[in-house]
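**Q** Okay, here's the structure, questions in a sec.
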């Protein structure tokens, strides 16, 4: 039976590939005009299927000792299948509902891989249940609002709520990251929350900078991954 630490390699690879898919998709959606973005998106998405099957195989072999990791692997496989079906059915010009499902599904998949990476590691210095539940709730609401604003309607009534919650999330992660987690991981949580908020405001108040919007998207998905990783470490 393989040790749970062997799950870290496929989880890290799968997380890197999903992050590449999410960032490439954001660049395509923002019409950045970078050559090769669609090719990167397709290649990374295809390789992620291999990585999640590798993760599932090792998690199945370690299911007796680490059932939580096995369930996470099953969830990752299910999300991968869901995203594959949506992507094939929607094509290159998906309607808003399919685009939002793709975006939120990709973010959920990144969170699962990051949590698995943290859970399979050694040590327990991470987010404890109480701050984790607050951060998770706030981050989930923010990502849902962000998906609506980026896919459905950029300037909607949800925008001021999204902006206000961004400030609350920065303060919350400043406390949870620096006081409860500590070290490099805690500083990363706070820095990513601050970077996402600053980039978001910049993209709105400077004639909508596509580059700032892309930085906002990258910081948001990295913040999600870092939070899930910290939660896995503390679980």
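**Q** Of 5, 48, how do they rank once you tally other Cβ atoms within 10 Å and put the fewest first?
**A** The order, fewest Cβ neighbours first, is 5, 48.
**Q** Let me ask you something else. Among 223-230, 211-218, how do they line up from the highest to the lowest mean number of other beta-carbon atoms within 10 Å?
**A** 223-230, 211-218
**Q** Listed highest first by mean packing, meaning other Cβ atoms within 10 Å per residue, what order do 51-57, 90-96 come in?
**A** Going by the mean number of other Cβ atoms within 10 Å, highest first, we get 51-57, 90-96.
**Q** Could you sort the peptides 103-112, 164-173 by per-residue average Cβ neighbour count (10 Å cutoff), highest mean leading?
**A** The peptides rank, most packed first, as 103-112, 164-173.
**Q** Further question: Over the residues of region 1-122, compute the C-alpha Rg and express it relative to 2.2 N^0.38 Å.
**A** Compactness ratio reported: 1.09.
Quick note: the coordinates plus some simple rules give every number you see, no bench work behind them. None of the values given here were measured: they were computed from a predicted structure. When we count neighbours, we look across all protein chains shown, and the Cβ atoms used for this are built from the backbone with ideal geometry, even at glycine.
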